[in-house]
Every structure is written in structure tokens, then in C-alpha cells.
Amino acid sequence: MDKSTPASGTARSDTTVLYLSMFVIGGCGLAYEYTLSKMASDLLGNSARQWAVIIGVMMFFMGVGADLQKYFSNHRLIEKFILAELLVGLLGGFGPISLLYVYGAWPDGYLLLQYALISGIGLLIGFEIPLLTRINERSGQELSANLGGILKMDYIGALCGALAWVFVLPLFFSITETAFVLGLLNLSAALIALLYFRRRVTAHWWYGGTLVAGLLSLTIGLVAADEWTSFAEQKLYRDRILLSQTTPFQHIVLTQSSAGDHALYINGHLQFHSFDEHIYHEHLVHPALSMVARRQNILILGGGDGLALREVLRYPDVERVTLVDIDPAITELASQHPVLTALNANSLASERVQIIPSEAVSTGDPFMLQLPNHRARHASHEPGPTVRVMNIDAVRFLEQVRGLFDVILIDFPDPNALELSKLYSLQFYELLRSKLAIDGVFALQSSSPVHANEAFLCIGRTLRAAGFAAVPYHGNIPSFGEWGWWIGSRDDRRSESELREAMQNLKAFSVPTRYLTPELVGASLIFGRGQLDTLETSINTLTRDAVYRYYLEAWQRR
């Protein structure tokens, strides 16, 4: 047993300290699960699988740890708790930065380290919970009250940890900084427990010194996290990192090669390369805008980098452009960072651009695109169309916006995560159809018809099921390889054969282009033998993520 048993008058205070410790363990434990899951999904992709497996594995080892503690005697229980907290704090605090470094420096060892960390942290957390229950037995409580109180604080802590991880910590800390903050909380709770129970702890000065050393190491990590992250992250990219920024929606990296070329990555996936981005964006924009008689009102979904907008603004008869991108950080970078403004020809930096914050959008009735004056950047004397930028989810925007658009350009990321799959669903395309003018045309980036063939074809089937006449076309983008798009209109207005004929008969663009020609547009309709053949029939819906499954299977084969 411990050196002494507390008198009944101190039992309540003992329990309060133990409950506080359990609250911190519960909150930090769940936050560690989220942090390691987020790190894995950012590095490996397939976010739903990473979160599910990591949390499942950690909970399994929590069970192993809970069972393991029964083999430890009641001797020095408080010391055992303090050592477990120390290890949890250090593993959880230094874990994410270690994973980031190993992924870049030794990719083959990444999964080994990841699951070693997950297993170790889960084992220690599972070990601590019954350990605290055993310590609290000495307060004289009934087993039901003792166990209920400890578990209650664990669950309350987990809720608070989840809320803090989602709503508070991202406002102040990056994902690696968050891990160090959680480690500091763990060790602080252990230090408070040590100070309170110091008379019952053998060699409490040694334990105290160890905890202080741990706190100092985590503090150094927190202060140096940005520098360490930059060093570790650089190993993931061939070119020099100019900018690395994590937002509530994604992780953004901008690089520069020795030749002066720039590339933008989101969650580790290449979004564009300055060497050939114009080829991609000309394919996305100019066929659609050349096939409509009226192009006064244009909608761009995604495209927060302003590169598709740059191409749209070449057309003098365009009067209004609405750009919808969920992440304000990417549109802010595109309007302010000199590399991006040079690439997008200041398409988002002009005084005619109006920024409409997402909080200005009503969650009830449909809204008009009305600009809050305090956020406006507008000069009516400047020539050219009005550009409205809205940082809002595309589904929510389409559900509420009034009016129809002559051309809709969809420049979403590939469906490489479940949360993106909804943007390729039947329900989303039906909503899209309701916002397209009767003679309107849409164009949609659709990944590679070679490397992700079934995903590409599934997008086409889903578009047709939503009431579109849809035609595939493709082109070679050196940075991506063979790439594909779908173009279409309402099937009650044009047939697919009419769309193909219109593309084949393009004589000239009304605006200058760097790469694309009418002849190339016609050629883009020609695919290799069997490339559009498939036995698959699934379409993508909100409840059946077929396109995500096809996409995942395709890239896993590579």
C-alpha cells in the first residue's frame, strides 16, 4: 500500500484532485486521437479510413492497458500514475512532429512509428483510468460511486477536449503546436497531483524534477514547433517551401523550384504548377464560355486561387462573376501573395472584387448577393465585371442563391476524401442543374480518365442521372499527365451529339489564349479505343460514395 492512508477529512479533497486529473486525461486522450488521425489523413489521404482505424486501434489498446494494470500491486500507485502521465505527455506532444519528420526522411518506417505511438498512448491512457479508480478507493466511497465518478469525469473531459480541439485550439495553434499544448496539460495535471500527494510519494523530489524537465522540453517544442515543422515538412517536397499554412479546412503549401517555377499543394496533393497551369485552366474555361450565346453571369465553384477567374475575365461581355470557395485563407492568399497575384493576373486583387463573408449568408430564406459595406472593396468606376467572392460551402450556396447562371465552372479538388465525395453526388448535380440557365453550359474538372478511369466515368453517369447532357473531353497536363473534364447542359435543351458538334465546329476563340486552340478542343473529344467502356453502372450519391471508392481503388493500384 502507499505510505499512508488519508484521514476521512481529506478524502473529499483527494477525490477532487483525482477527478481533475481524470478530466484532463479524458480531454487530452480524445484530442490525441484526433491529432494523430488528422496528421495521418493529411499525410496518407483517405481521411475517413485513417480516423476510423486510428481511433479504433487506440481504443483497443486502452482496453489492453486497462487489463494490464491488474498485474501491478497497490504499492506506489501515485508514482505509477505520475510516470504514466509523463510518458503520455511526451509521446503525445512529440508524436506528430516525429511522424512528419519520419514520413519525409524514412517513408517506409512511417506506419511503424504511427502505430507504435497510437498503441503506446492508448495503452497508457487505458492503464491510468483504473489506476485512478484504485487510488480513489481509499476515499472510502462505494465501488459504484467511485467508478461512476471517475468515468463521469473521463467522459466530460472527452467532450470538452473534442470541443476545444475543434473550436478553440485551431484558432491559436497548428496541429504540431496543439500536440505540445496537450502534452503540457498532461504533465501539469501530473505535477498538481504530485504536489498534493507529495507526503505519500517516495522520492517526490525526483518525480518533481522529472516532470519539470518534461514540461521544459514540451515548452521548447511548442516555441520551436514552427521551425521544426518547416524543417520536417521540407523533406516532403522536392522544391523549397515558400509558404506552409494550416486552416480549419486544409493544409496549404506553396513551393518554388530552382528554376523559379511555383507549385501549390493542398493536403499534400498538387493543385497546380506554374509551368502548365494555363493548359488546365484554358481547358476548363474556354470551351464552356465559347459555347453559349449569353455569358453575362458566371459562377465558379472552387477555384479560390483565382486562375480560372483570370481566364473568365478575358471576356468583355461578362458582367458578373461569383466565385465560391469554402476556405477564406486560399482566396486571401490569391489576392495578396505576390506569387499568386502574378499568376492570376490580380484577378482577386482588383478593387472591383467584393468579399462577402460567410457569416453574412442567411441560414434561412434564399439570399440575394448583397454586399456588406464594411467588407467591400469596390470602385464602380473601374472597368470590367463585378466579381463577388463568397467563402461558403458550395452546397449551402446553391441551396440558397437566387437566379440562374449562364456558365458554371466547377474546379473542386479530386474526390480523394469522403467529405469531397458529396460534391460529385447526384444530389449536388441536381442542385447544380436547378441553377443553370436553360441555354447554359457547365464544365467540371474530373480527375484523370487514364489513372482514375472508373471514377471519371462514374462522374459522367452521375451527371446524366441528374438530367444533364454530358460529354467527356481530355488533354495532357505535363504536371498531372492525362487529365479529363466533363462539359454539358440541361438535357431538355441540348443533346450530347449537339454538344459534341458545337465543340468540333469551334472556329476561333473570341479572346486570346496561350495554349488552347479550337482544333485542340475538337481533338480533346477523341479517346483511345475502349477508354470510355466499362461494365460498372454505379452512380455517386450522398449515401453511396461510389466515386470515392473508384478513385481510391485506382490510385492504390499505382
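Of the peptides 460-467, 96-103, 69-76, 52-59, the order by per-residue mean of other Cβ atoms within 10 Å, starting with the highest, comes out as 96-103, 460-467, 52-59, 69-76. Counted over region 40-152 with a bin width of 5 Å, the fraction of Cα pairs per bin, in whole percents, is 2, 11, 18, 20, 17, 11, 9, 6, 4, 2, 0. Taking 0.36 nm per residue of separation and subtracting the Cα-Cα distance, full extension of the segment from ALA52 to GLU496 would add 155.7 nm. Taking every alpha-carbon pair under 8 Å whose residues sit at least 6 apart, region 402-558 reaches a relative contact order of 30 percent.
Compute the normalised compactness of region 274-556: alpha-carbon radius of gyration over 2.2 N^0.38 Å, N being the residue count.
Taking N as the residue count of region 274-556, the ratio is 0.96.
Taking the square roots of five times each eigenvalue of the Cα gyration tensor of region 294-344, the equivalent ellipsoid has semi-axes of 20, 13, 7 Å, listed largest first.
Could you please report the charge total around THR331, scoring K, R as +1 and D, E as -1 over all other residues with beta-carbon less than 9 angstrom from its beta-carbon?
That sum, taken over residues with Cβ under 9 Å, equals -4.
What's the ranking of 287-295, 26-34, 205-213 by average number of surrounding C-beta atoms within 10 Å, highest first?
26-34, 287-295, 205-213
Extension gain, ALA203 to ALA145, is 17.7 nm, computed as 0.36 nm per intervening residue step minus the present C-alpha separation. Using the Cβ of LEU20 as centre and a radius below 15 Å, the other residues enclosed give a net charge of -2, where K and R count +1 and D and E count -1. Annotation note: trypsin sites (Lys or Arg not before Pro) in region 143-248 located in DSSP loop regions with a Cβ neighbour count of at most 15 within 10 Å are LYS235, ARG238.
Only lysine pairs 8 or more places apart, or on different chains, with alpha-carbon atoms under 23 angstrom apart are counted in the chain, and they number 8.
Give me VAL168, VAL312 sorted ascending by neighbouring Cβ count inside 10 Å, so fewest comes first.
Exposure proxy ranking, most exposed first: VAL168, VAL312.
When each of VAL17, VAL387 is scored by the number of other beta-carbon atoms lying within 10 Å, the sequence from fewest to most is VAL17, VAL387. Summing charges over neighbours of PRO130, with a neighbour being any other residue whose Cβ is under 10 Å away from its Cβ, gives 0 when K and R count +1 and D and E count -1. Both radii were evaluated on the Cα set of the chain; the Rg over Rh quotient, with Rh as the Kirkwood radius, amounts to 1.07. A Förster distance of 25 Å, applied to the separation of the beta-carbon atoms of PHE60 and ILE156, puts the FRET efficiency at 0.60. Taking label positions 7 Å along the Cα-Cβ direction at both LYS507 and TRP106, the computed distance is 6.7 nm, reported to one decimal. Once the Cβ-Cβ distance of LEU20 and ARG529 is raised to the sixth power relative to R0 = 56 Å, the FRET efficiency obtained is 0.20. In this structure, the amide hydrogen of VAL401, modeled 1.01 Å from its nitrogen in the peptide plane, lies closer than 5 angstrom to those of PHE367, counting only residues at least 5 positions away or on a different chain.
Which whole-number percent of Cα pairs in region 8-234 have a distance greater than 23 Å? The share of Cα pairs beyond 23 Å in region 8-234 comes to 46 percent. Our estimate of slack between SER257 and SER73, defined as 0.36 nm per intervening residue step minus the Cα-Cα distance, is 60.3 nm. Highest average first, the peptides 296-303, 176-183 ordered by how many other beta carbon atoms sit within 10 Å of their residues are 176-183, 296-303. The 3J(HN,Hα) values that the Karplus relation (6.51, -1.76, 1.60; θ = phi - 60°) gives for region 47-60 are, in residue order, 4, 4, 5, 4, 4, 5, 5, 5, 5, x, 5, 5, 5, 4 Hz. Gly and Pro appear as x.
Computed from Cα atoms, the angle from the helix 546-556 axis to the main principal axis of the chain rounds to 80 degrees. So, in nm, how far is label LEU195 from label THR247 when the simple model puts each one 7 Å beyond its Cα toward the Cβ? So the two model labels end up 4.2 nm from each other.
What's the FRET efficiency of LEU44 with THR543 using the Cβ-Cβ distance as r and R₀ = 30 Å, to the nearest 0.05?
Details: r = 25 Å, r/R0 = 0.84.
Given R0 = 30 Å and the Cβ-Cβ separation, E is 0.75.
When ASP108, ASP414, ASP226 are sorted by how many other C-beta atoms sit within 10 angstrom of their C-beta, beginning with the fewest, the order is ASP108, ASP226, ASP414.
Read-outs throughout are calculated quantities, based only on the coordinates presented, and are distinct from any laboratory measurement. Since the model is a prediction, treat every value here as computed from it, not as a measurement. Note that each Cβ is placed from the backbone with ideal geometry, even for glycine, and that neighbours are counted across all protein chains shown.
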